[in-house]
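Beneath this line is the structure, given in structure tokens, with notes to follow.
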Amino acid sequence: MISSVRGTVAAVSLDHAVVEVGGVGFAVQATPHTLATLRRGEEAALATALVVREDSLTLFGFADTEARDLFRLLQTVSGIGPRLALATLAVLEPDQLRAALADGNITILTQVPGIGRKGAERLIIELRDKVGAVTSGAEPAAPVGHVRGSVVEALVGLGFAVKQAEQAVDGVLARNGVSDTSAVLREALTTLGRKR
């Protein structure tokens, strides 16, 4: 299966982007948040999930593997297809979604168009324990050096220059002193996005 794509962004529209990889343009469905990080003519790297249906092959793209893993996890719940899973991640950040599932917060989950009270309850019942397992992999107190190296590597993988990535990560760590890899990556991406 196609687990990632890396190439030049040929086009960005409201619900998808076209990424050229080796002369082939892949249409990648994505959330507005992910699409906002892409620039036409620049290189991008996206974690992807290929959904195979009888009449179609659809590629869904994410800024990081954490969001992709949650996208796959959401679809294990009956009644949640890829479109609704993507809509959920468009409305809720991965951390918000995890917290809502772990806390059993129906109000937050029903903010997603297409998820009613019963759907939210089903999500909580089926995913509460699984999301706990995902959360435990988020290395709550990783050493700063490990976090810095991981985030710099991820940013370089997304197409940023090494020096640019290092400066952004160092800036985030100096300001926040955060040791959560995903939080540092998100903040660094925001910083780099402002400089474009």
| In the set ALA44, ALA10, which member is of a type in the set (A, V, I, L, M, F, W, C), farther than 20 Å from VAL91 by Cβ, surrounded by 13 or more Cβ atoms within 10 Å (Cβ to Cβ) and free of Cβ contacts under 8 Å to residues at least 40 places away in the same chain? | ALA10
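Any residue in the stretch 52-64 that is surrounded by fewer than 18 Cβ atoms within 10 Å (Cβ to Cβ) and in contact (Cβ under 8 Å) with a residue 40 or more places away in the chain?
Going through the stretch 52-64, the residues surrounded by fewer than 18 Cβ atoms within 10 Å (Cβ to Cβ) turn out to be 52-58.
The next check asks that each one be in contact (Cβ under 8 Å) with a residue 40 or more places away in the chain; those that pass are none.
Looking through the stretch 52-64, none of the residues is surrounded by fewer than 18 Cβ atoms within 10 Å (Cβ to Cβ) and in contact (Cβ under 8 Å) with a residue 40 or more places away in the chain.
Looking only at the stretch 74-86, how many residues end up being assigned to a helix (DSSP H, G or I) and open to solvent by less than 30 Å² (accessible area, probe 1.4 Å)? Talk me through it step by step, then tell me what you get.
Quick first cut of the stretch 74-86, residues assigned to a helix (DSSP H, G or I) only: 74, 82-86.
Pick out the ones that are also open to solvent by less than 30 Å² (accessible area, probe 1.4 Å) and you get 74, 82, 85-86.
Residues meeting the conditions: 4.
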| query | Out of (1) open to solvent by 50 Å² or more (accessible area, probe 1.4 Å); (2) closer than 18 Å to ALA154 by Cβ, what's the single condition that is false for VAL91? | reply | (2)
| query | Would you call THR37 closer than 22 Å to ALA154 by Cβ, of a type in the set (Ser, Thr, Tyr) and either part of a strand (DSSP E or B) or in contact with a Ser or Thr (Cβ under 7 Å, 6 or more places away or on another chain) (or both)? | reply | no
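If you scan the stretch 94-108, which residues turn out to be free of Cβ contacts under 8 Å to residues at least 40 places away in the same chain and either open to solvent by 30 Å² or more (accessible area, probe 1.4 Å) or within 26 Å of THR37 (Cα to Cα) (or both)? Even if it seems obvious, please write down each step before you answer.
Here is the first cut: in the stretch 94-108, the ones free of Cβ contacts under 8 Å to residues at least 40 places away in the same chain are 96-108.
If the condition is that a residue be free of Cβ contacts under 8 Å to residues at least 40 places away in the same chain and either open to solvent by 30 Å² or more (accessible area, probe 1.4 Å) or within 26 Å of THR37 (Cα to Cα) (or both), then GLN96, LEU97, ARG98, ALA99, ALA100, ALA102, ASP103, ASN105, ILE106, THR107, ILE108 are the ones that fit.
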| task | Residue by residue through the stretch 109-133, note down the ones that are in a helix (DSSP H, G or I), open to solvent by less than 50 Å² (accessible area, probe 1.4 Å) and of a type outside the set (Gly, Ala, Ser). | result | LEU109, LEU123, ILE124, LEU127, VAL131
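The values are calculated or read from the model by the stated rules, or taken from the named source; none is laboratory data. Predicted model only: the values in this text are computed from it and were never measured. Ideal geometry is used to build each Cβ from the backbone, glycine not excepted, and the neighbour counts take in all protein chains shown. SASA here: full protein model, heavy atoms, side chains in, ligands and nucleic acids out. Shrake-Rupley method; radii C 1.70, N 1.55, O 1.52, S 1.80 Å.
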